Every structure is written in structure tokens, then in C-alpha cells.
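Here's the structure we're looking at; comments come further down.
The values are calculated or read from the model by the stated rules, or taken from the named source; none is laboratory data. Predicted model, so just to flag it, every value in this text is computed and none were measured. Quick reminder, even Gly has a Cβ in these numbers, built from the backbone with ideal geometry, and neighbours come from all protein chains shown. With ligands, DNA and RNA removed, areas are computed over all heavy atoms of the protein, side chains included. Shrake-Rupley method; radii C 1.70, N 1.55, O 1.52, S 1.80 Å.
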Amino acid sequence: MKCTKKYRLAYTEQAQRIVSSLSLEEKVSLMGGNVSLQEMLADMTADANKHYNYIPYPAGGVKKADVPPMLFCDGPRGVVCGNGKSTCFPVSMLRGASFDTKLEEEIGHAIGREVRAFGGNLFAGVCINLPYNPGWGRSQETYGEESFHLGEMGSSLMRGVQEEDVIACIKHYAFNQMEISRFKVSVDCDKRTEREVFLPHFKRCIDEGAASVMSSYNLYMGTQCGHHNYLLNEVLKGEWDFDGFVMSDFIWGVKDTVEAANGGQDMEMCCTQFFGEKLVDSVRAGKVPESRIDDAATRIIRTLLAFEDSYNGKIDESVIGCKDHIALALQSAREGITLIKNENNVLPLEKDNVKRVVVLGKLGEKEVIGDHGSSQVHPAYIVTPVQGIANVNPKAEVVYYNGENIAHAKKLAAYADAVVFVVGYDHDDEGEYISEDQNDAYTGAIGGDRKNSLGLHADEITLIKEVGPVNQNSIAVLIGGNMIMIEEWKDDVSAVLMAYYAGMEGGTAIAEILFGDVNPSGKLPFVIPFKESDLPQVDWDTQSQWYDYYHGYTKMEKEGVKPSVPYGFGLSYTSFALGNASFGTTKDTVTASCSITNTGGVNGTQVLQMYVGFKNSSVDRPVKILRGFERVSLRPGESKAVTIDCPIEQLCWYNPDTEKMEIEHMEYEIYIGTSSANEDLLSGTFIL
């Protein structure tokens with residue numbers, strides 16, 4: 001990859017020469033955003049087309065030294081800039097459900113090209129925060145509950161973006177898993193939890209060459225993350241040897257000039273409030289050493305020089321929302337939508353036998369692509385589920401009703417060949433949140449965390465329970481950014497599809513799966529419990545939150561609690577058989593192999609997953625954790641031999657006494673299969 005750390009470091013001497021030619025004021029000017037908050041808000045208020053980040057937001061730049069500004073474009077479901085042009089991909093949570101790192105890298109390439117076409121040189125949409133509880137309103141922007149999986153998917157997106165000569169910014173570093181309290185909460189945890197659960201995916205992206213990092217709003221151990229000497233200087237720049245620059249989260253990410261500068265913050269975004277003249281004065285007063293300014297300026301200039309193609313060669317605007325990128329968005333939706341239940345093989349629906357489809361639920365005709373915060377993308381069009389069904393099966397009569405009157409909904413269902421409930425969430429229910437007492441920089445972000453329930457709305461539950469049994473061909477399509485509880489109503493429908501927020505072509509992909517044009521292959525990137533109490537409990541409006549070592553499937557498995565649906569689970573319209581499992585080690589790697597055969601009648605794709613267990617550990621460790629995965633596509637009757645590798649270093653635990661990651665020398669369990677459930681896995685052991 002051109003823009004690796006080694007490649008960027010070759011620009012160090014040139015960057016240092018430029019820094020030595022600049023005045024203190026010029027060096028400090030590189031460290032702040034060039035956007036006036038007042039002008040930005042006034043602009044958006046006066047012109048409906050000028051939403052947040054409608055143009056790339058500049059920071060720094062020194063003309064006399066030919067140092068260009070950093071030009072910021074947000075994400076992650078596409079490029080936020082423009083109005084009615086960008087490709088709107090599915091949210092990251094759906095893309096995580098694909099377990100397709102190759103596709104995610106392709107999406108990174110497409111996004112990188114669109115960033116450059118908008119005139120930007122940085123994409124701040126590699127969101128890899130780990131949802132401690134699925135109620136986090138912004139968890140749609142990340143890939144799932146599993147740290148290893150987050151690192152693999154996030155680094156894939158990052159590589160694709162940076163191979164297009166666009167700086168990729170990973171965010172939000174670190175411990176950002178709450179919306180309502182994100183500006184005030186201090187997160188606490190022990191060292192093992194920090195190093196084994198919440199930081200590894202960030203390190204994975206840094207090791208793979210991420211060139212920029214965004215710090216988070218929240219506090220960690222009582223200190224603002226944007227000022228955090230331990231997180232920014234000691235861990236990120238020290239232990240991990242990060243060569244790029246750190247930027248603050250927008251507007252409220254820096255709250256103290258001296259503490260932020262000395263704490264390792266390189267750039268205040270998107271407007272300059274605490275850096276600029278205040279930082280110059282602090283240097284002259286001896287409160288911030290000029291060497292700290294030189295380091296930040298060198299990091300910024302070096303990175304910009306390494307990515308110079310992005311500002312020397314703007315890509316033609318015709319790539320924005322082009323056919324190839326939209327096709328990629330559709331393919332992503334096809335791969336991520338997850339079939340959770342399919343009783344009596346009610347799906348796929350047969351087009352010739354389905355003359356009348358009734359779509360029920362308030363989301364059936366809504367253009368729902370995710371929240372309305374900083375990640376909101378503005379595409380040329382959005383295909384709703386109703387439109388998708390009508391387009392994919394044009395011979396069928398499609399009747400839509402929002403479901404308000406149960407008696408009427410029952411009548412419609414009784415005379416339909418199939419009933420599709422489209423239920424779940426939209427931007428009012430979950431997403432980025434800004435409190436009423438703050439200036440609303442995103443104008444329209446409502447969202448927040450799901451603090452009341454992780455299930456469907458009461459009226460949707462009533463609709464499904466009352467109307468679902470009326471028609472044996474009843475299917476629930478769930479819309480939302482993370483896990484949705486299903487226990488109250490799952491027995492009242494024959495099939496359940498998790499559709500997440502599926503992007504601008506989401507309605508097409510949903511319909512293609514319903515009618516069998518596409519065989520579903522998505523796998524849940526989270527566990528679904530029988531009870532919400534089986535998950536870690538969070539106070540969504542608090543100033544202090546403790547994070548335990550266990551969450552999600554690792555917590556339930558450790559406690560011996562069976563889930564409703566296991567992590568990594570997803571059904572198909574074909575069947576697969578696994579056999580010939582073998583496991584082994586080399587000097588640096590653990591391997592799991594098996595044969596997989598498509599034993600059904602249609603083409604299908606399975607996601608094989610490798611887990612490693614720690615039954616013999618002398619310390620408290622998970623029963624097992626994901627340590628590899630691979631998508632395998634097979635024709636009917638076709639078999640393949642598949643091997644999944646895992647570096648031995650990925651099996652380390654953090655020893656708080658030695659303050660190092662260490663490997664245990666013992667016998668480990670190892671598994672390969674189709675979900676985290678033991679019944680879906682072949683098992684063996686290996687010794688290190």
C-alpha cells in the first residue's frame with residue numbers, strides 16, 4: 001500500500017524543513033479548523049441545501065510553504081458532502097454482518113474516490129467503537145460487538161480509502177459508546193478490559209497504517225479523551241508508534257488549551273476555539289513547549305505530503321453516485337441482510353404464486369437509511385421496501401398500510417399471498433445526540449440511545465402479534481442499527497429478516513431476498529438474548545460508567561446463559577455440511593481447516609468462523625473468542641477446503657503486573673463453524 005507508515009516516514013525530513021521555516025503563529029495555524037461555527041450554523045439555517053459538511057471542512061494550510069489544508073469529509077455510510085449526489089452505502093453494522101473484508105475494502109476505494117471528487121483529502125468515517133450495550137444510539141456506525149471483527153473490518157475500509165490517496169481517520173478514540181452522556185460521562189474499567197476489549201481494534205488499524213485518529217468527547221478515568229496524555233501520548237504515539245496526527249471530535253472535543261496541547265491533541269476541529277491565539281500565548285508563557293507544536297506540525301505536514309495526490313489531482317465529479325458505486329452499495333446490502341428465522345421454508349416467496357403482497361408497518365414507505373447526525377448521507381434517491389417489492393416482483397399487487405387499525409390490517413392480511421411487516425427504528429429512535437442546551441451543530445440530530453427498551457415499539461409488537469397469525473406467509477423485516485429483541489413476537493411470524501439500515505438500494509436488496517433472487521448470507525455481528533438483563537447494564541444519562549471485561553456473547557457464554565440467537569448466526573436458502581476438521585500451529589500462527597459442501601439446491605455463501613477457547617487458563621478469560629472468519633461461496637454439490645489463520649499474538653492476555661501482552665503456554669480449544677453456538681462448530685485442541 002502506497003500510504004503505509006514506512007512510506008509516510010520518508011517525508012519526515014521534508015516536513016521538518018518546512019516546520020523550521022515557519023513562525024510559531026504559522027505552525028499553530030496548522031493545528032486548528034478554519035471553519036467559523038457561527039457562519040456555519042447561519043449558513044445551514046439560511047439555506048436548506050447547506051447541511052453539515054456539505055463541503056469539505058478545511059483546517060490548517062500554509063500557502064507560502066505550499067502546505068495545503070486538511071479537507072475533512074465525514075462518513076461512514078458514504079461521503080456526507082454534497083446534496084443529492086453521494087452514494088449512500090448501508091450502515092457499517094450491516095456491512096459488519098457481511099463479514100466481507102474484501103467488499104469493505106472495495107467500499108473504501110469507492111468512498112475515497114468520492115471524497116476526492118468533492119475536493120476532500122480526508123475521510124473521517126472509519127468508526128470502530130465497540131458497543132458495550134446495543135442500545136448505544138450511534139452503534140449503527142460501527143461493525144458489531146466483537147473487537148477482533150471490528151479491527152478486521154475497520155482496517156479493510158481504511159486500506160481502501162488510503163489507496164485512493166485519501167487520509168483515513170479512525171474514530172472515536174476511545175471508550176465512546178454512549179450518546180446522551182457523551183459530553184460528560186467518565187468511563188472507567190480495569191487494565192485488562194482496556195487492553196483486551198476496548199483498544200485492540202484501534203491498534204489493529206494503526207498497525208495497518210491508519211494516518212489519522214479522532215479523539216472522543218467522553219472522559220476516561222476522569223480526563224477528557226481529547227486531552228488524554230495516557231491515551232494519546234503514551235499509548236497511541238508511544239507504545240503503538242503512531243506517525244499520523246490526532247484531531248479532536250467537533251466543537252466540544254477540546255475544552256482546555258494547555259491540557260489538550262500537552263496531552264497530545266494535534267488539531268482542534270472544526271473551528272478554532274482553544275488553539276490559535278490562545279495556544280500561541282500558552283507557548284510564549286511557557287505552559288506548552290514549542291517542541292510540542294513542532295511535533296504536531298510535523299505530523300500534520302508529513303501526512304499531507306504523503307497524500308499529495310488527493311489535492312494535486314481532483315477526480316472528476318462523475319464518480320459521485322455513479323452506477324458502479326451504487327451497484328457496490330446494493331451488493332453490500334445483499335450480503336449483510338441476515339435471515340434469523342425461516343419456519344417451514346416460507347422464504348423465498350415464489351413470484352408466480354404471490355399475486356398480492358401486503359406490507360404493514362410505519363417504515364414500509366419511509367426512506368430510512370440511518371440517523372440524521374454527522375453521518376447522514378444525501379443520495380440522489382432511496383428505494384423503500386414497498387418500492388423494492390414492487391420493482392422486483394412487478395406482476396404482484398403491492399398493498400401498503402401503516403397498520404394503525406388492527407382490524408383493517410387483519411382484513412388485508414387475510415386476503416394476501418404474503419404479509420411483510422416492516423418494523424423497527426428510524427432517526428428519531430436512535431442516533432447521534434446533542435442536548436438541548438448546546439448549539440446544535442448538526443441541526444436535526446434527534447436520536448440518542450435506546451434507553452427505554454431494546455425491543456420494537458409497543459404498537460409494532462401488537463401489530464405483529466395480532467396480524468401475524470392471520471397469514472402463514474408472514475415475514476418481519478427489522479430496520480435498525482443494532483440488536484432488536486424478538487422474544488415477544490417471534491412465534492407470531494414465519495420468518496424474520498434483520499435488514500439494519502440498508503442504504504439507498506436497501507429496498508431492492510430486501511425484496512430480492514424475499515423473492516429468492518438473492519440467497520441471504522449475512523451473519524449477526526451481535527448476540528440476541530432472551531432477556532435484556534442478560535446484557536451489561538448501562539445508565540444512559542450519567543457522569544460515570546464502569547465497563548466490565550465481559551459483554552455480548554462472551555458475557556452470556558461465561559455465565560452459562562443460552563442466547564435466543566447466537567453471535568455469527570444467519571440462515572440460508574441452501575444447506576451446508578462441514579467435515580474433515582483439522583487444527584494446528586506454526587511458529588507464529590494457529591490454523592483451523594475444514595471442508596464445506598453445499599448440500600442444497602441453490603448457490604449459497606457461508607461465513608466460516610474460527611474461535612479459540614481458554615479453558616485451561618490460569619487467569620479469568622472468555623470461554624472462547626472469535627479469531628478469524630472467511631466467506632465461502634459454493635454451487636449446489638460443490639465442496640471446498642478452507643483454512644483460517646490467526647497470528648499467535650492475537651491470543652495474548654494483558655498482564656497488569658508486567659504491563660505487557662503475554663501468551664499463555666497451555667492447551668487451547670479451537671473451533672471452526674458457522675456461528676458461536678457449540679452445536680454449529682467443529683472442535684479440537686492445540687498446544688502452545
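For segment 511-609, a Kirkwood radius taken over Cα pairs fed into Stokes-Einstein (20 °C, viscosity 1.002 mPa s) yields D = 126 µm²/s.
With respect to the cross-link table entries Lys102/Lys624; Lys555/Lys640; Lys27/Lys102, which display a Cα-Cα separation exceeding 29 Å? The answer is Lys555/Lys640; Lys27/Lys102.
Restricting to the chain, compute how many DSSP beta bridges are antiparallel as a %, nearest 5. In the chain, approximately 60 percent of DSSP beta bridges are antiparallel ones.
When a 1.4 Å probe is rolled over the protein heavy atoms, the share of accessible surface on the chain that falls to carbon and sulfur comes to 46 percent.
List the pairs from Lys63/Lys255; Lys355/Lys562; Lys237/Lys451; Lys587/Lys615; Lys64/Lys278; Lys171/Lys314 whose alpha-carbon separation is above 31 Å, in the order I gave them. Beyond 31 Å between Cα atoms: Lys355/Lys562; Lys237/Lys451. Taking every protein chain into account, the accessible area of the chain amounts to 35 square angstrom per residue (probe 1.4 Å).
Relative contact order (percent) for the chain, with alpha-carbon contacts under 8 angstrom and 6 or more residues of separation?
Result for the chain is 15 percent.
In a DSSP loop and with at most 16 other Cβ atoms within 10 Å, the chymotrypsin sites (Phe, Trp or Tyr not before Pro) in segment 482-538 are Phe530. For the chain, adding -39500 (n - 2.57) for each run of n ≥ 4 DSSP H residues and dividing by the number of residues yields -7000 deg cm²/dmol at 222 nm. Given the C-alpha centroids of segment 607-667 and segment 241-288, what is the distance between them in whole angstrom? Value for the Cα centre distance between the two parts: 40 Å.
Exactly which GluC sites (Glu not before Pro) in segment 290-357 are in a DSSP loop and have at most 14 other Cβ atoms within 10 Å?
Glu308, Glu350
Going by Cα centres, segment 454-533 and segment 394-433 are how many Å apart? Here the answer is 12 Å between Cα centres.
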